[in-house]
């Protein structure tokens, strides 16, 4: 029993679930309290101990099914119909050749998934290696996967065409089921189930007309007007912030001060005085896409963030196209409007390059990861359009581990997310909150919620 | 009064007015048997807090609740010295203190004599017990509910660890206080932020999802005994359709109950387009959601 459990925990750890020895011991103890004949109960106990958040549960279920119900897990109907020789015979009749991929598929059908999994792993890693030509894309990986899938389909068609009545029907059906499993592994994309995700659509109409105008279609005159509106808003927010701070800063009794004052009244503590404590302020790290149309939304967000700087304990900002540039300094030493101009004319930002979110996240991890801790809110402004390059969403997951919250503002309307080269749905799985941010009203909603 | 088996848990929770799924019953039983805290997650209104209340009822224990919020600190959660009371006492017994130091030859001796009485001022009498200290120093075993732990700061979460693993707290002036009875601890979280690994490791995890239609019907019948069977069926069916819509806040079991009650009060026996439209405010907490439901009324009212 304990051996099997340890094996299972090893499988869980391989699937990135963090399971500690203490939890293993607890689980073992729990299993002794319940009746193990009931499988649902058994699974509940394991899940309660090993998958400790909703995000982990999907991964846990997958590992559980593979481990206890997958190929090679003991009782398995399909295995009865398929011994190695018969399967090889059957599949060659169905048109299977003899190269490496076919051998791997044959192994998979007869119950040994290792070599097929190796094929998949090789395909995955192929994407990470930069190609010699310097052109980045994940097309090679996609083409590789396509080939495997076509082969599986061809064999399945071959199996279906086999003549009836030769007594091979059950075996062919079993083999076909196995091939379905193989295709499932191939086409599956692991995306964590993101339960806490808030998808906010704002409908407040703070300003008519100007407030509803998309950022991307503003005339220069309207941009000027927009600045006035933003100034007004900033004053209002600061005012509200001030009052909120004053009200909630009262802390516990300050004994020393009270006793000192008591001296004035012959030692009777008539006047009590309380400690004041600063309210916690958020640290902000903002990542702004400055390519094309996205920049128009990002600039207003930066404008607001920096005007409200004293509402946060620190604001760090980065601009990116295909690499990150730290623009905090520019904003620290210049007045907001000038700073925005400077960023636009900054030579460090390759405005003509193609946007590559994967590369941006990679660079961010290399150089700026230390800025993120449990008090940091990460704000990303971008459309998630990565020109078909490797999205590297695992880095975003890593940032999530360290940060307090990740909020993604997308200047595109929701209907366009996930179309074409947009990786929004991939990234969405790792965010705490996603919002459309097309116009001033939506931006105001966001900022108000962030500050208050 | 302890639970004997998982079936016993199910049965007693039902008698206390809470219908648990098998998963909930199993986890509650394990937590009670091994004295571990339960970390309950799930959508708002799914019965997380109610579970703690029901467990307290069927174990015949008191429930002590600590509501978490941003800025919650030890003074609010664990204990506080009652300075005002201490000062007041000092004033009232001033003469006694004078007596005490009357015969002292030097200041050092006077200080020494007062120091001997120090214990009188840092004693149980002047401690104001907050929920956590109440829970572990109670004479009878209790159920401790730490609600919305995700709203508290990470610092507070770290501070909870000592309590949850050792069931003890340290008060500098008095030393370590061990729990007289180990409380049954239930933590709830709305997933506002991820919990730390250290906290998760000490708890058994339970996710309360939207209930299965069958279970939901049973819950409605239990909470609203007078309800018409057919109406309950239609209601649950409609709510499940509504949950499939892309809403800001999906209705949970508490909204279903509110809705059923509203329909009963209004004497509506048949779920028509008009009836749904009139009572929509009960299940949709945002205007945009209500609009969405109105637009997809056909789908909501379809039977399968």
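When region A:22-31 is limited to residues that are more than 10 Å from chain B (Cβ to nearest Cβ) and touching a helix residue (DSSP H, G or I) at 6+ places or on another chain (Cβ under 9 Å), the one that is farthest from residue A:62 (Cα to Cα) turns out to be A:28. For region A:323-345, filtered to residues that are touching a helix residue (DSSP H, G or I) at 6+ places or on another chain (Cβ under 8 Å) and not in a helix (DSSP H, G or I), the residue that is farthest from residue A:292 (Cα to Cα) is A:334.
Select, from B:200, B:249, the only residue that is in contact with a strand residue (DSSP E or B) (Cβ under 9 Å, 6 or more places away or on another chain) and either touching a residue at least 12 places away in the same chain (Cβ under 8 Å) or surrounded by fewer than 21 Cβ atoms within 10 Å (Cβ to Cβ) (or both).
Numbers: B:249 fails: in contact with a strand residue (DSSP E or B) (Cβ under 9 Å, 6 or more places away or on another chain).
Of B:200, B:249, the one residue that is in contact with a strand residue (DSSP E or B) (Cβ under 9 Å, 6 or more places away or on another chain) and either touching a residue at least 12 places away in the same chain (Cβ under 8 Å) or surrounded by fewer than 21 Cβ atoms within 10 Å (Cβ to Cβ) (or both) is B:200.
Might you check whether a residue that is touching a strand residue (DSSP E or B) at 6+ places or on another chain (Cβ under 8 Å) and within 16 Å of residue B:192 (Cβ to Cβ) occurs anywhere in region B:153-171? No - not one qualifying residue is present in region B:153-171. Taking the conditions (1) within 11 Å of chain B (Cβ to nearest Cβ); (2) buried (at least 17 other Cβ atoms within 10 Å of the Cβ); (3) modelled with pLDDT of 80 or more in turn, residue A:55 satisfies each one other than (3).
So that you can scan it fast, the table gives a plain yes or no per residue for (1) crowded, with 18+ Cβ neighbours inside 10 Å; (2) in contact with a helix residue (DSSP H, G or I) (Cβ under 8 Å, 6 or more places away or on another chain); (3) within 30 Å of residue B:174 (Cβ to Cβ):
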site	(1), (2), (3)
B:19	yes, yes, no
B:23	yes, yes, no
B:31	yes, no, yes
B:42	yes, yes, no
B:71	no, yes, yes
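Counting the residues of region B:237-258 that are within 14 Å of chain A (Cβ to nearest Cβ) and more than 15 Å from residue B:215 (Cβ to Cβ) gives 6.
Does at least one position in region B:87-101 carry a residue that is over 25 Å from residue B:161 (Cα atoms) and assigned by TED's automatic domain parsing to the domain that holds residue B:166? Before the answer, list the steps.
Of all residues in region B:87-101, those over 25 Å from residue B:161 (Cα atoms) come to B:87-101.
Next, only the ones that are assigned by TED's automatic domain parsing to the domain that holds residue B:166 stay: none.
For region B:87-101, residues over 25 Å from residue B:161 (Cα atoms) and assigned by TED's automatic domain parsing to the domain that holds residue B:166: absent.
With respect to residue B:47, determine if the residue is under 27 Å from residue B:256 (Cα atoms), within 14 Å of chain A (Cβ to nearest Cβ), at pLDDT below 90 and crowded, with 21+ Cβ neighbours inside 10 Å. No, not satisfied.
Applying the criterion of at least 2 residues that are closer than 30 Å to residue B:14 by Cα to the strands (runs of 3 or more DSSP E) found wholly in region B:116-217 leaves B:142-147, B:184-189, B:204-207. Just one of (1) within 12 Å of chain A (Cβ to nearest Cβ); (2) under 19 Å from residue B:21 (Cβ atoms) fails for residue B:211. It is (1). Look at region B:41-63: where a residue is on the phi > 0 side of the Ramachandran plot and a partner is assigned to a helix (DSSP H, G or I), sitting 6+ places away or on another chain with Cβ atoms under 7 Å, you get B:42/B:48; B:45/B:253; B:45/B:254; B:45/B:255; B:47/B:253. Residues in region A:397-423 that are assigned to a helix (DSSP H, G or I), under 20 Å from residue A:296 (Cβ atoms) and out of contact with any strand residue (DSSP E or B) (no Cβ under 6 Å at 6 or more places or on another chain): A:415, A:416. Among the residues of region B:252-271, the ones that are in a loop (DSSP other than H, G, I, E, B) and free of Cβ contacts under 8 Å to residues at least 40 places away in the same chain come to 4 in all.
Tallying residues that are within 14 Å of chain A (Cβ to nearest Cβ) and at pLDDT below 85 within region B:168-196 yields 8. Among the residues of region B:91-104, at least one is within 14 Å of chain A (Cβ to nearest Cβ), loosely packed, with under 15 Cβ neighbours inside 10 Å and in contact with a helix residue (DSSP H, G or I) (Cβ under 8 Å, 6 or more places away or on another chain). For region A:380-402, a residue qualifies if it is surrounded by 22 or more Cβ atoms within 10 Å (Cβ to Cβ) and touching a residue at least 60 places away in the same chain (Cβ under 8 Å), and the qualifying residues are A:380, A:381, A:382, A:383.
Considering only residues in region B:259-273 that are modelled with pLDDT of 85 or more and farther than 19 Å from residue B:240 by Cβ, the one that is farthest from the other protein chains (Cβ to nearest Cβ) turns out to be B:267. Against the conditions (1) in a loop (DSSP other than H, G, I, E, B); (2) crowded, with 20+ Cβ neighbours inside 10 Å, where does residue A:354 fall short? Just the number, please. So the condition that residue A:354 fails would be (2).
The values are calculated or read from the model by the stated rules, or taken from the named source; none is laboratory data. The shown structure was predicted, so the numbers you read here are calculated from the model rather than taken from an experiment. All Cβ positions, glycine included, derive from the backbone under ideal geometry; neighbour counts span all protein chains shown.
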